[in-house]
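A quick write-up on the structure given underneath.
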Amino acid sequence: QVQLVESGGGLVQPGGSLRLSCAASGITFRFYTMGWYRQFPGKQRELVASIESGGTTNYGHSVQGRFTISRDNAKNTVYLQMNTLKPEDTAVYFCNTYPWAPAYWGQGTQVTVSS
């Protein structure tokens, strides 16, 4: 059974930082491209960033230069370092494989950027 458990969200002021973590179990993590996604209220989930098994990364235009995705294959964990956060980054953040697998969605972690 695959489980992806996100953590690290919270309330932060504009310009602040957060680091999200996603612990994976039930998959051979090191073989998968992993992604961070986010969902705004009433919208579809969108890809924020992805990281291939070898470490190659890709970012959405709106987060390029502010967010950094990384992974630790020994810990089956993928991270999202978010800097210079903006109110428009407020969303629920999820991790999944890339492309995403419907059965792998977890609960996500809420990120709220507000003063």
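The values are calculated or read from the model by the stated rules, or taken from the named source; none is laboratory data. None of the values given here were measured: they were computed from a predicted structure. No Cβ is skipped: glycine too gets one built from the backbone with ideal geometry, and neighbour counts run over all protein chains shown. Only protein heavy atoms, including side chains, enter the accessible area calculation; ligands, DNA and RNA are left aside. Shrake-Rupley method; radii C 1.70, N 1.55, O 1.52, S 1.80 Å.
In region 24-83, the portion of solvent-accessible area held by carbon and sulfur atoms comes to 44 percent [1.4 Å probe, whole percent, DNA, RNA and ligands not counted].
What the phi angles of region 52-60 give under the Karplus curve with 6.51, -1.76 and 1.60, with θ = phi - 60°, is a coupling list of 7, 4, x, x, 5, 10, 9, 10, x Hz, glycine and proline written as x. Applying 1/(1 + (r/R0)^6) with R0 = 30 Å to the Cβ-Cβ distance of residue 28 and residue 114 gives a FRET efficiency near 0.15. Annotation note: GluC sites (Glu not before Pro) in region 14-115 located in DSSP loop regions with a Cβ neighbour count of at most 13 within 10 Å are 52.
Quantify how much of the Cα-Cα distance distribution of region 22-115 extends past 15 Å, in percent. More than 15 Å apart: 57 percent of the Cα pairs in region 22-115.
Evaluated over the Cα positions of region 73-115, the convex hull gives a direction-averaged projected area, one quarter of its surface, of 4.2 nm².
Using the Karplus relation 6.51 cos²θ - 1.76 cosθ + 1.60 with θ = phi - 60°, the per-residue 3J(HN,Hα) values for region 92-106 come to 8, 9, 10, 10, 6, 5, 10, x, 6, 10, x, 7, 9, 4, x Hz, with x marking Gly and Pro. If you take all other residues with their beta carbon under 12 Å from the beta carbon of residue 6, and give Lys and Arg +1 and Asp and Glu -1, the sum is +2. Springs join every pair of Cα atoms under 10 Å in this Gaussian network model of the chain, and among 75, 43, 86 the largest mean-square fluctuation is at 43.
Solvent exposure of the chain amounts to 53 Å² per residue of accessible area, where only protein heavy atoms count and the probe is 1.4 Å. Largest to smallest in accessible area, the residues 100, 105, 36 fall in the order 100, 105, 36 (1.4 Å probe, all protein chains included).
If only the Cβ of Lys and Arg carry +1 and only the Cβ of Asp and Glu carry -1, the dipole of the chain around its Cα centre is close to 40 debye.
In order along region 42-48, the Karplus-derived 3J(HN,Hα) couplings, from 6.51 cos²θ - 1.76 cosθ + 1.60 at θ = phi - 60°, round to x, 10, 6, 5, 10, 6, 9 Hz, and Gly and Pro are given as x. Segment residue 13..residue 103, full-extension length gain: 29.1 nm, with 0.36 nm per residue of separation and the alpha-carbon distance subtracted.
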